[in-house]
Amino acid sequence: MKTFTLVNAEVGRARDVYAKLKKIDAEVYPLFGEFDFLVIADAADLKSAATKILEEIQKVKGVARTRTLVGAEL
């Protein structure tokens, strides 16, 4: 499954947050608009997806807020 996490950085911390997000096992795209980054990650199941989001993305110093979408199979 894929997760799509939209990330907001604290003001003035975007470059630091980007550098740290690039170190995790995921694709990271800088954005302009409501969110600063899109992080696309693969996960085997919801538990491992939650761990990646909570332990690797949200704990990055300078991350202010996240919003995650989980890919579905139809």
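Odds and ends about this structure:
- Residue that is nearest to the chain's Cα centre (by Cα) [pool: residues in segment 7-52 that are exposed (fewer than 12 other Cβ atoms within 10 Å of the Cβ) and among the acidic types (Asp, Glu)]: 25
- Qualifying positions in segment 10-48 - hydrophobic (A, V, I, L, M, F, W, C) and modelled with pLDDT under 95: 43, 44, 46
The values are calculated or read from the model by the stated rules, or taken from the named source; none is laboratory data. Not measured: the values here are computed from a predicted model. Note that each Cβ is placed from the backbone with ideal geometry, even for glycine, and that neighbours are counted across all protein chains shown.
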